[in-house]
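What follows is a single structure, written as structure tokens, with notes after it.
The values are calculated or read from the model by the stated rules, or taken from the named source; none is laboratory data. From a predicted model like this one, the values you see are computed outputs, not experimental measurements. Ideal geometry is used to build each Cβ from the backbone, glycine not excepted, and the neighbour counts take in all protein chains shown. Areas reflect the complete protein model, heavy atoms only, side chains present, ligands, DNA and RNA absent. Shrake-Rupley method; radii C 1.70, N 1.55, O 1.52, S 1.80 Å.
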Amino acid sequence: QAADSEREQFRRYLEKSGVLDTLTKVLVALYEEPEKPDSALDFLKHHLGASAPENPEIAALRLEVAEMKEKYEAVLEENKKLKTKVKVY
């Protein structure tokens, strides 16, 4: 009896927090996939991870990477111009 009660409490917890609904949606998406992926587990990880909110630290790092890429491109362009000037002299 106690084990059944604990299971029921846990099921209600999962239901209330949206876990059961999310898992059901991902499993239905896998079921409806016309060409089944080689790894069902990777499919689940990908789809569950995509629905999770992004960590603010990760968002900040993505922004920093984008800024660094811009700076890198600018430095490459400047380097190219300087090399051209050096060739002239």
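Some points to look at:
- The listed residues are Tyr72, Tyr13, Tyr31, and the only one of them that is modelled with pLDDT of 90 or more, exposed (fewer than 10 other Cβ atoms within 10 Å of the Cβ) and aromatic (Phe, Trp, Tyr) turns out to be Tyr31.
- Matching residues, the range 34-66, being assigned to a helix (DSSP H, G or I), in contact with a helix residue (DSSP H, G or I) (Cβ under 8 Å, 6 or more places away or on another chain) and open to solvent by 60 Å² or more (accessible area, probe 1.4 Å): His47, Leu48, Ser51
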